[in-house]
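The values are calculated or read from the model by the stated rules, or taken from the named source; none is laboratory data. Remember, predicted model here, so these are calculated numbers, not experimental data. Here Cβ is always computed from backbone atoms with ideal geometry, including for glycine, and neighbour counts include all displayed protein chains. What goes into the accessible areas is simple: the full protein's heavy atoms, side chains included, and nothing from ligands, DNA or RNA. Shrake-Rupley method; radii C 1.70, N 1.55, O 1.52, S 1.80 Å.
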Amino acid sequence: MLVVSSAEVYGVVGTDQLPLDEHTATLPASPYAASKLAAEAVALQAWRGYGQPVMVVRPFNHIGPGQSPNFFVPALAKRIVEARRAGAGSLPVGTLTTRRDFTDVRDVVVAYRRLIEAGEPGGVYNVCSGRDVAMAEVARDLLRLAGADLELVTDPALVRPVDVPRLRGDATLLRETTGWVPVIPLATTLADVLASWEAD
């Protein structure tokens, strides 16, 4: 059994702690992250107490075409497409200073499959690219790909009350266990995400 947790369990970390590996202390900073850490504890107890072959994965931000607009990248892509169609000159956005470790969801599911085949029960594995990118850079790339000349304006209503400033993971354990490495470049992922909204 593969239990999907989240890199959010690491909480707010300093740049001196990056990249985060599976031995980094977990200090969840939101109810969502706390619930994921609790799920990890239950899952790993099933292994320790009952021998259930359970592994935990901590994916960092994964993105791709078809993802719900409840998440930053698809939401921004959708709104850029809508604003361009409407002839708008500006676009409200949330915080663009945060940095995230993005992996294409198509690479992520390959990692999950390989762990099911070769992972160690009771193990905890990061799934990440090992590179963090600023949300501002992602926004600029989406605007360029869309051919949209929009001014990005920070809207306090879109700023999350608790936001981890920077996340970057270390997937060495996953790579050594399964041979997995991400192969889809971020530029390709962003183009595919944008294309999925342009097709609507």
> Could we say that Thr172 is open to solvent by less than 50 Å² (accessible area, probe 1.4 Å), β-branched (Val, Ile, Thr) and within 19 Å of the chain's Cα centre (by Cα) here?
Replying inline: yes
> Can you name the residue in segment 105-157 that is part of a strand (DSSP E or B), farther than 30 Å from Ala46 by Cβ and in contact with a Pro (Cβ under 9 Å, 6 or more places away or on another chain) and is also least open to solvent (accessible area, probe 1.4 Å) among such residues?
Replying inline: Asp132
> If you take the residues in segment 55-95 that are without any contact (Cβ under 8 Å) to a residue 60 or more places away in the chain and assigned to a loop (DSSP other than H, G, I, E, B), which one is farthest from Ala191 (Cα to Cα)?
Replying inline: Gly87
>> Of everything in segment 137-168, what is in contact with a helix residue (DSSP H, G or I) (Cβ under 6 Å, 6 or more places away or on another chain) and of a type outside the set (A, V, I, L, M)? Give them in sequence order.
In response: Asp141
> Which residues, counting only those in segment 83-104, are of a type in the set (Val, Ile, Thr) and out of contact with any Pro (no Cβ under 8 Å at 6 or more places or on another chain)?
Replying inline: Val93, Thr95
>> Given (1) surrounded by fewer than 17 Cβ atoms within 10 Å (Cβ to Cβ); (2) touching a strand residue (DSSP E or B) at 6+ places or on another chain (Cβ under 8 Å), identify the lone condition not met by Arg160.
In response: (2)
> Here are some conditions: (1) modelled with pLDDT under 95; (2) closer than 21 Å to Arg113 by Cα. Gly11 meets all but one. Which one does it not meet?
Replying inline: (2)
> Within segment 188-195, is even one residue charged (D, E, K, R), touching a residue at least 60 places away in the same chain (Cβ under 8 Å) and in a loop (DSSP other than H, G, I, E, B)?
Replying inline: no
> Residues of segment 158-187 being among the hydrophobic types (A, V, I, L, M, F, W, C) and free of Cβ contacts under 8 Å to residues at least 12 places away in the same chain, which ones?
Replying inline: Val181
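Each row is one residue, and each column tells you yes or no for (1) over 15 Å from Leu142 (Cα atoms); (2) modelled with pLDDT of 95 or more.
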| site | (1), (2) |
| --- | --- |
| Gln52 | yes, yes |
| Met55 | yes, yes |
| Gly64 | no, yes |
| Phe71 | no, no |
| Ala75 | no, no |
| Pro92 | no, no |
| Thr97 | yes, no |
| Asp101 | yes, yes |
| Val105 | yes, yes |
>> I'd like to check something: does segment 14-25 contain any residue that is touching a residue at least 12 places away in the same chain (Cβ under 8 Å), open to solvent by less than 30 Å² (accessible area, probe 1.4 Å), over 13 Å from Gly169 (Cα atoms) and not in a strand (DSSP E or B)?
In response: no
